[in-house]
Structures are given as C-alpha cells and as structure tokens.
Amino acid sequence: MISLHELNEDDWELWRALRQAALADSPDAFGSTIAEWTGVGDVEARWRDRLVSVPFNVIAELDGSASGMASGTTPQDGEVQLISMWVVPVARGRGIGNELIGTVVRWASQTGATRIALDVQIGNDRASSLYRRHGFLDSGWANGPDAAHPERRMVRNLTSR
C-alpha cells in the first residue's frame, strides 16, 4: 500500500535520508551532488531550510517504508517546477511515481498555477515516459545539447486537464 506524507522542516532527517540516497543512486539526474549534501554541507539547518524554501515536499511510503519523494516550487509567472523526484530502485514500477506526480500536480493546481514544468535528463527514458503518461509534453532544451548533463524541459498545462 502506498501512502503519501507532506513534510515540514521537522521532517528534515527523513528528507535527508531519501535525498542522499537519491543523489547516490542517480547522480546525473539532479542539479545537486552527493558531495554538496554530505560532509560540511550535511547540517541540520541546511536541511531544514530546504524544506522551508521549497513550499511543497512529499514522500511516498510503500508498505510503511520511505520509497520516494518529490517537491514543488513556489509558483512564478503561473508555473510550478516539479523537482527532486525520485523513487527507490526496489520500489520502481509499483505506482509510486504516479502518486508523487499526482500529488504535486494537485498541489500546484491549488496554488493557482496554470502549468507545471520539470527537467529530465536525456537518456532517462523511463522517467520521460512516466511524465508523458501524466500529460507532460517536451518543450525544448532545458540547458542545451552540449551541457555536461543535457536535459529536456517538459511542461503540463494545468488548465486543460
């Protein structure tokens, strides 16, 4: 059974564990690195600040075990960014990604946003397919084909669904 839990700054240790696992498992999928969030960067105040500065943070539990996470940014010009999406490898293909996307989309709609966008790395076909199934369309390069980790921008219009 999948359950979703919206986080607040007091949940920083849970967020920290998942985020560090995500950065270790999929280093090319994120704008941050594990090195930036460990060692001297691994401090409680920084983790708490991340959960405050990004207004919507949610984790998914599968059978009581933290198995995925996603966040939504503050709307700017009607657009929310879906960021920090990740599912633990052993839980992939079990509907967690669907639940995480759905909850971030619902939250974005409640904020009054008219669209939701995300960036996905070239070659991450499984994630791209998941996003397409949820109505996201490719809208061009996020950072250009010559970037160290080229990404495509995908956008979903929230007013037409």
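The values are calculated or read from the model by the stated rules, or taken from the named source; none is laboratory data. Since we're looking at a predicted model, the values are computed, not measured. Cβ coordinates were reconstructed from backbone atoms using ideal geometry, including for glycine residues, and neighbour counts include every protein chain displayed.
Key figures for this structure:
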quantity	calculated
Hits in segment 93-123 (condition: basic (Lys, Arg) and either buried (at least 22 other Cβ atoms within 10 Å of the Cβ) or touching a strand residue (DSSP E or B) at 6+ places or on another chain (Cβ under 9 Å) (or both))	Arg94, Arg115
Test for Gly72: is it modelled with pLDDT under 95 and either in contact with a strand residue (DSSP E or B) (Cβ under 7 Å, 6 or more places away or on another chain) or surrounded by fewer than 18 Cβ atoms within 10 Å (Cβ to Cβ) (or both)	no
Looking only at segment 73-97, and only at residues there that are outside any strand (DSSP E or B) and of a type in the set (A, V, I, L, M), the one that is farthest from the chain's Cα centre (by Cα)	Val90
Residues of segment 143-161 classified as buried (at least 19 other Cβ atoms within 10 Å of the Cβ) and either over 20 Å from Asp28 (Cα atoms) or modelled with pLDDT under 90 (or both), total	2
Filter result (touching a residue at least 12 places away in the same chain (Cβ under 8 Å), within 17 Å of Arg92 (Cβ to Cβ) and not hydroxyl-bearing (Ser, Thr, Tyr)) within segment 24-51	Asp25, Asp28, Ala29, Phe30
Hits in segment 29-51 (condition: more than 20 Å from Leu100 (Cβ to Cβ) and loosely packed, with under 14 Cβ neighbours inside 10 Å)	Thr33, Ala35, Thr38, Gly39, Val40, Gly41, Asp42, Val43, Glu44, Ala45, Asp49
Residue match in segment 50-61 (condition: closer than 26 Å to Ala147 by Cβ, modelled with pLDDT of 95 or more and outside any loop (DSSP other than H, G, I, E, B))	yes
Candidate set from segment 55-69 (those that are of a type outside the set (S, T, N, Q), free of Cβ contacts under 8 Å to residues at least 60 places away in the same chain and buried (at least 16 other Cβ atoms within 10 Å of the Cβ)); member that is farthest from Trp107 (Cα to Cα)	Ala66
Some residue of segment 99-114 being of a type in the set (Lys, Arg) and part of a helix (DSSP H, G or I)	yes
Residue list for segment 7-23, filter: of a type outside the set (A, V, I, L, M) and in contact (Cβ under 8 Å) with a residue 60 or more places away in the chain	Arg19
Residue list for segment 99-130, restricted to those being touching a Lys or Arg at 6+ places or on another chain (Cβ under 8 Å) and closer than 15 Å to Met69 by Cα	Val105, Leu118
Yes/no for Gly31 being farther than 23 Å from Arg153 by Cβ and of a type in the set (Gly, Ala, Ser)	no
Count of residues meeting criterion [small (Gly, Ala, Ser), within 14 Å of the chain's Cα centre (by Cα) and not in a helix (DSSP H, G or I)] in segment 1-43	3
